[in-house]
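Note sheet for the following structure.
The values are calculated or read from the model by the stated rules, or taken from the named source; none is laboratory data. This is a predicted model, so every value here is computed, not measured. Please note: Cβ atoms are built from the backbone with ideal geometry, for glycine as well, and neighbour counts cover all protein chains shown. Note: areas computed on protein heavy atoms with side chains; ligands, DNA, RNA excluded. Shrake-Rupley method; radii C 1.70, N 1.55, O 1.52, S 1.80 Å.
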Amino acid sequence: MVRPFLKIYRLLLFPLYPFLRPYMEERRKKGKEDFIRFGERFGYPSIDRPKNKVIWMHGASVGESAAMLELIDYILAQDKDLNIMVTTGTVTSARLLETRLPKGVLHQFLPLDHPICTKRFISYWKPEAAIFFESEFWPCIINDIADAKIPLMLLNGRMSDESAKRWALPVFKIAFKEMISQFSLVVAQSAAYAQVFKSLGADNVVEGIQMKNLAQKLPVDTTILSTISDSTAKRTVFVAASTFEQEDKHIAEILPAIKEKIPNLLAIIAPRDASRGGHIKFIFDEKGLNTSVRSMGELIQPDTDAYIADTMGELGLWYSVASVVFVGGSLENRGGQNFLEPMRFGRPVIVGPHLQDFAETAENATKDNAVMKLAGFDALKPAVISLLTDEAAAKKLGASGEAFVTKQNEGIKQVFDMIAPYIGMQKTAQPAPPATPEPPAQQKATPPAPKQTAPQEPTPTAPAQQKAAPPATPAPQPAPTPPEPPAPQKATPPTPQKTVLSATQQAALQQALRPPQQQPTPPKKKS
C-alpha cells in the first residue's frame, strides 16, 4: 500500500538526526533516560538476539506494561520455546518490569521515532509480529514495520476525546487513517472506543476487553511485608492509593474525625506521583497529624497517624495490610486509577464518581456490588467509617471484589485467540462453547445422567492440547496443519544472554551517536 504521509514524515525527520543526541543527553542528565542503556534509544541493542522467533510487545506506561504480563504468561504457556521482547519508553516502567518479567523475556527501550533509529532497531531484531498497547502511534516505527511486512496489532486500544477530535480534523484524518491501516488488527477496549477507531478510518477493529483488568496480582517483598505487618498488627489500616492533591487535602481534613471513631487508625497515603511526598507531609502536618515519610527512611510508629508511602512499586505491600482501600484519581476528576489491584488482595474498595478511563469495568463492578462508588468528596468519611466499623459488610465487599477480578481474568483466553493467527499460533484447544452442545447429544444417549460429568475430564488434559496447538513455532509435536511456518529449525532455542555492551562496543556506540557520519540525509530508496 502506498503511504505518502509516512514517507514524507520520514524524509522530513532525516535532517534532525544530529540534534537528537544533545536532546537525549539533556534528558539523561535529568534522570529521564537510563545512563547505561542509553544506546537502546538510538536503536542499538544491548543484548543478543535469540536465534529463534521473537514476538515484540510495547507498552508506554507503567499500567500498560503491567497489563502485558498476564498475556505474556499465557502465550509462553502455549509455547515455551517462543521468545518475547518487551519495549517501554520510560525508566520507571523499565524498573517495574525488571523484577516482574518472566525469566527469559527480553527488555529493551523503545527507539526514538526517527527513521535511522527505527530502521536500525527493526533490522536487528526482525520480530515475527509486533503488539502495541493502548494508544501508541509512532509514524516511523509503523512505516518500518509495514516495510518489513511484520504483522502489527493494537491491543487495549483507546483514545481520549481530545485526541479523537484532533485526529478527526481533515488535515490529520488522512494521516491517521494511513497509520491505522497498517495494523493487522485493532482490539478496542470497549464498543465505544471501537466506534471511535472506525470513525477515523480503521476497518479492522474488533471490540475486546480492558487489558488492565487482566493484570496480575501486584508483587510483594515478603521480607519488607513482615516488618510492615509487625508495625501495623495492632492498627486498623486505611490505605488511600494513587491519590492526587485535592484528595490528599480532603483525607487530611477528615482523618481526625475518623480517628475519633477508630482510635487505633493508621492512614497510609500512596500518592500517584511519588515526588509529592514532602508536600503531602506538609498538608497532614498542618492538621496536627503525626506523619512519617517512607522515602526519608522513617518507620511506622505506634503514634503515627499518617504514613506517606512515596515510593514506586510497593502498592502490593500496602494492600496486603489494608483494612479498607480508597483508590484515587476518582474523587478528583482524573479519570480514575486501577481499582482492581486491591480487589486481588480481597480488600473492600472505595472509588469516586470519575472513572472515565475504566467506565465499562466500573459499571460492571458496581452492578456486581464489587466496589463502593461514591457520589463525591463528602461521602468518603462516612464510607470509610462504615466499612471500618462493620466487619461483615467489609468482608462481603472484599469477597465480591475478589470474585469480580477472578471473572475478569478469564478474558485472557479471548485476547489470545484474537491474536493467535497473527503470531503464528493456533487458538486454544479448549474453547468454552463446546460444553454447551454436548449436553443435548448426551441427553439423547442411553447412558445414565451421572455420566454427564465426564466432559469435565478434558479440563485437566487441556494444557497438553494447548502445547500441541501452536504449530507455527518449533514445538515438541508437529501439528497436522501448520498455518504459518516461519519457524526456525531448532527445537531447542539458546537461552538469550544479557550482555552489557563491552568497552569497545560502547566506544563504537558513542562514535555512532556523534553528528552523523555520512548518514543518508536524503534517502535514496523510493517506495
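Worth pointing out:
- For Y74, Y319, the ranking by accessible surface with the largest value first comes to Y74, Y319, using a 1.4 Å probe.
- Under 5 Å, built H, 5+ apart or other chain: amide partners of F326: V239, A240, A241, I350
- Applied to segment 184-197, the Karplus parametrisation 6.51 cos²θ - 1.76 cosθ + 1.60 on θ = phi - 60° returns per-residue 3J(HN,Hα) values of 5, 8, 10, 9, 7, 5, 7, 4, 5, 5, 4, 5, 4, 4 Hz, with x for Gly and Pro.
- Modelled FRET efficiency - R0 51 Å, T227 with S135, Cβ distances, 0.05 increments: 0.80
- For V293, residues with placed amide H under 5 Å, excluding near neighbours: E298, I308
- Ligands, DNA and RNA left out, the 1.4 Å accessible surface of segment 292-381 is 47% carbon and sulfur atoms.
- Each DSSP beta bridge with both residues in segment 226-339 is either parallel or antiparallel, and the antiparallel ones are about 0%.
- Tail fraction, Cα-Cα pairs, segment 284-361, threshold 20 Å, whole percent: 44
- Close amide H pairs (under 5 Å, H built 1.01 Å from N) link I84 with I55, L106, residues at least 5 positions away or on another chain.
- Shape of segment 1-60 from the C-alpha gyration tensor: oblate (a/c of 1.5 or more and a/b not above b/c, with a ≥ b ≥ c the square roots of its eigenvalues).
- Table column - 3J(HN,Hα) (Hz), segment 245-257, Karplus curve with 6.51, -1.76, 1.60, x for Gly and Pro: 4, 5, 5, 4, 4, 5, 5, 4, 5, 8, 4, x, 5
- For A77 and A168, the difference between the fully extended length at 0.36 nm per residue and the C-alpha to C-alpha distance is 28.7 nm.
- With the highest mean first, a sort of the peptides 272-278, 34-40 on other beta-carbon atoms found within 10 angstrom per residue produces 34-40, 272-278.
- For segment 118-135, the Karplus equation 6.51 cos²θ - 1.76 cosθ + 1.60, evaluated at θ = phi - 60°, returns couplings of 5, 5, 4, 5, 5, 5, 7, 7, 6, x, 6, 7, 10, 10, 9, 10, 6, 9 Hz by residue, with Gly and Pro reported as x.
- Sequence of F5, F42 when ordered by accessible area, the most exposed leading, probe 1.4 angstrom: F5, F42
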